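Note sheet for the following structure.
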Amino acid sequence: MVFKRASWRARVFAHLNAISEFIFRKIPMDIDKQTVRHIAGLACIAVSVSEIQSLQGELSTIIGWFGKLNEVDTSDVEPSSRASETTPRMREDAVTEGDRVDDILRNAPASQDRCFVVPKVME
Amino acid sequence: MTTELTRFSIAEARTKLKAREVSAVELTQAFLRAIEVANPALNAYIAVTADKALRMAAACDERLARGKARPLEGIALGIKDLFCTRDVHSQAASRILDGFRPPYESTVSRNLWLDGAVMLGKLNMDEFAMGSSNETSCYGPAINPWRVKNRDRALVPGGSSGGSAAAVAARLCAGATGSDTGGSIRQPAAFTGTVGVRPTYGRCSRWGMIAFASSLDQAGPIARTVRDAAILLRSMAGYDEKDATSADRPVPDYEAALTGNIKGLKVGVPRQYAKDLSADIEALWQKGIDWLRMEGAEIRDVDLPHADYALPVYYIVAPAEASSNLARYDAVRYGLRVNGDNIAAMYENSRAKGFGAEVKRRILIGTYVLSAGYYEAYYLKAQKVRRLISHDFDTAFGEVDVLLTPSAPNAAFALGEIVDPMTMYRNDIFTVGVSLAGLPGLSVPAGLNDDGLPLGLQLIAKPFAEETVFRAAGVLEAAAGFTVRPESWWTS
């Protein structure tokens with residue numbers, strides 16, 4: 001194998017890549033109930049026992065399918081969130097619209113004294 | 001007589017309005033009446049803004065009388081519920097946004113009103129644009145005006161812009177806005193015999209569109225003809241300082257691109273898309289190739305080696321972005337609130353009740369692929385393959401001007417026919433690649449299958465080459481001569 005002269009960044013990058021591809025192969029594709037409960041907690045969604053049951057199967061299938069991407073060698077590829085290649089125009093860092101408290105509160109399920117009302121957070 | 005007025009294309013209505021052969025109020029009334037008759041059966045509109053429409057139309061008539069017509073003066077449109085419209089129902093067909101009335105107008109809809117268009121109401125869609133059949137809407141599914149020959153089984157209009165596509169096909173508006181994240185304009189257009197355009201990412205402002213996946217979401221029109229779609233896109237598109245990702249470049253006159261001349265145009269046919277095709281789709285694709293060749297285009301095979309990976313990449317990237325975007329629904333600032341013992345329980349209960357099953361599924365997938373330990377294996381990996389997919393298209397457009405593919409792997413299917421999420425996701429197989437690469441794509445109706453259901457062909461070009469897409473689509477439309485309409489069974 002021939003190594004081209006690579007910058008330290010590229011080398012670190014390749015290394016991380018190798019690690020991640022290794023991890024990827026090691027992940028068990030079956031999602032257990034505990035994992036479903038954990039991610040539902042992270043996502044702040046209450047799930048019932050029967051929902052956990054069906055989600056476990058569905059998520060296992062879908063996430064297992066993602067393993068297909070492992071067929072692709074991406075060791076020299078930088079990630080892309082390509083949405084567009086154009087450089088966005090810059091603007092002044094200044095408030096353009098403000099002082100619209102009434103507009104903003106109008107849709108709140110509960111508000112009082114120009115504030116949102118939520119259940120008690122601290123004892 | 002008045003329902004007859006709904007038959008005019010936007011281009012025809014524009015001429016008749018300017019010549020004062022018909023008034024904007026008459027046109028609007030005709031559409032409102034058609035909606036009243038059809039909507040109980042089609043469920044395309046989830047809010048009708050009749051008073052507002054008639055007020056807007058009256059103002060249009062005044063301008064027309066003064067000879068001050070703007071480009072869309074008096075043209076009555078439906079708006080997908082995903083676009084925020086000031087003080088009007090805007091919920092992305094989700095219960096979590098119950099009662100939400102935006103205090104602002106989306107840039108795309110505002111652009112349409114500034115050009116003289118009239119708003120008829122808000123159109124049904126899959127909840128948060130997550131779906132390919134319009135069945136995930138909290139308002140129940142929109143129904144396809146098309147049916148299988150001699151059968152009265154209800155078919156889906158596709159999704160997520162299913163209400164938009166159904167309304168345009170049934171002539172319940174002159175045209176409609178849609179949004180396309182993974183195919184949500186092009187697939188329903190194909191299912192309903194209409195023209196749907198997803199422009200280049202950044203061509204339309206996303207400001208005021210309820211976000212699903214921010215690196216993929218794009219607004220675009222659904223219309224009856226290629227010319228109408230060109231007219232609408234010109235008004236919708238443009239730079240907006242409220243959306244930093246909108247493109248700061250002039251909007252061309254897309255109608256002027258409809259020259260009917262494609263001599264020497266290089267058309268690429270990606271053979272990777274030919275795998276496991278049904279016979280009717282394959283035959284239609286071949287017809288499309290032949291039509292373009294007969295008009296003087298040069299046909300070439302092109303290679304998109306990573307085409308097979310577009311679907312899994314999309315179903316990692318889009319849910320990941322969605323899980324982040326939909327974190328804003330906290331039952332504090334707007335929408336549905338379900339109380340709990342503490343604030344965490346309030347969040348969890350509200351989100352459990354407010355989101356439907358598919359939206360929850362995608363939020364959970366997104367949360368999973370972004371969570372500690374899995375981020376690199378899934379999300380980062382998907383982003384890398386996304387680059388390879390984009391690169392495939394870049395390479396192809398080094399050789400050809402436009403790509404021709406089917407729009408969807410099948411015609412419209414029956415309500416409730418597809419229940420497995422993975423099978424549903426496969427409906428996006430020809431559209432997600434374009435979305436991931438941020439390219440413009442258009443679906444044009446090109447024929448009927450043996451069941452008498454419409455099928456579409458997709459044209460794709462490089463970023464900001466919408467004019468090429470329109471030019472080729474105009475030629476395909478003329479060659480296909482697609483003039484069949486669904487029978488209006490909903491009137492009986």
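Taken together, the values in this text are just the output of simple stated rules run on the coordinates, not laboratory data. Just so it is clear, the structure is predicted and the values come from calculations on it, not from any experiment. Every residue, glycine among them, receives a Cβ derived from its backbone with ideal geometry; neighbour counts consider all protein chains shown.
Say whether the condition of being surrounded by fewer than 14 Cβ atoms within 10 Å (Cβ to Cβ), at the interface with another protein chain (Cβ under 8 Å from one of its Cβ atoms) and farther than 30 Å from B:Gly366 by Cβ is met by at least one residue in the stretch A:113-122. Scanning the stretch A:113-122 turns up at least one residue that is surrounded by fewer than 14 Cβ atoms within 10 Å (Cβ to Cβ), at the interface with another protein chain (Cβ under 8 Å from one of its Cβ atoms) and farther than 30 Å from B:Gly366 by Cβ. If we scan the stretch B:366-382, do we find a residue that is under 30 Å from A:Asp73 (Cα atoms), of a type in the set (Phe, Trp, Tyr) and not in a helix (DSSP H, G or I)? Checked against the condition, which is being under 30 Å from A:Asp73 (Cα atoms), of a type in the set (Phe, Trp, Tyr) and not in a helix (DSSP H, G or I), the stretch B:366-382 yields at least one hit.
Residue by residue, here is whether (1) among the aliphatic types (A, V, I, L, M); (2) in a helix (DSSP H, G or I) holds:
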{"position": "B:Val419", "(1), (2)": "yes, no"}
{"position": "B:Met424", "(1), (2)": "yes, yes"}
{"position": "B:Ala446", "(1), (2)": "yes, no"}
{"position": "B:Asp450", "(1), (2)": "no, no"}
{"position": "B:Leu459", "(1), (2)": "yes, no"}
{"position": "B:Phe464", "(1), (2)": "no, no"}
{"position": "B:Arg471", "(1), (2)": "no, yes"}
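Tally up the residues in the stretch B:279-328 that are within 14 Å of chain A (Cβ to nearest Cβ) and farther than 30 Å from B:Ile96 by Cβ, please.
Total satisfying the criteria: 6.
The set of residues in the stretch A:37-94 that are surrounded by 16 or more Cβ atoms within 10 Å (Cβ to Cβ), over 21 Å from the mean Cα position of the chain (by Cα) and at the interface with chain B (Cβ under 7 Å from one of its Cβ atoms) comprises A:Val72, A:Thr86.
If you go through the stretch B:361-380 and keep only what is in contact (Cβ under 8 Å) with a residue 60 or more places away in the chain and not aromatic (Phe, Trp, Tyr), you end up with B:Arg361, B:Arg362. Of all residues in the stretch B:168-197, which are closer than 19 Å to B:Cys84 by Cα and not in a loop (DSSP other than H, G, I, E, B)? Passing the criteria: B:Gly175, B:Ala176, B:Thr177, B:Gly178, B:Ser179, B:Asp180. Could you check the stretch B:304-333 and list, in sequence order, the residues that are in contact with a helix residue (DSSP H, G or I) (Cβ under 7 Å, 6 or more places away or on another chain), within 30 Å of B:Tyr273 (Cα to Cα) and of a type in the set (A, V, I, L, M)? Scanning the stretch B:304-333 gives B:Leu304, B:Ala307, B:Ala310, B:Leu311, B:Val313, B:Ile316, B:Val317, B:Ala320, B:Ala322. Taking the condition more than 10 Å from chain A (Cβ to nearest Cβ), among the small types (Gly, Ala, Ser), in a helix (DSSP H, G or I) and surrounded by fewer than 19 Cβ atoms within 10 Å (Cβ to Cβ), does B:Gly398 pass? Yes. From the list B:Tyr375, B:Tyr347, B:Tyr334, the one residue that fits, being more than 8 Å from chain A (Cβ to nearest Cβ) and among the aromatic types (Phe, Trp, Tyr), is B:Tyr375. Taking the criterion of being touching a strand residue (DSSP E or B) at 6+ places or on another chain (Cβ under 7 Å), closer than 30 Å to B:Asn339 by Cα, more than 7 Å from chain B (Cβ to nearest Cβ) and not basic (Lys, Arg), would at least one residue in the stretch A:96-104 satisfy it? The answer is no; no qualifying residue exists. Taking the stretch B:103-135 as the range and being within 14 Å of chain A (Cβ to nearest Cβ) and β-branched (Val, Ile, Thr) as the test, only B:Thr107 passes.
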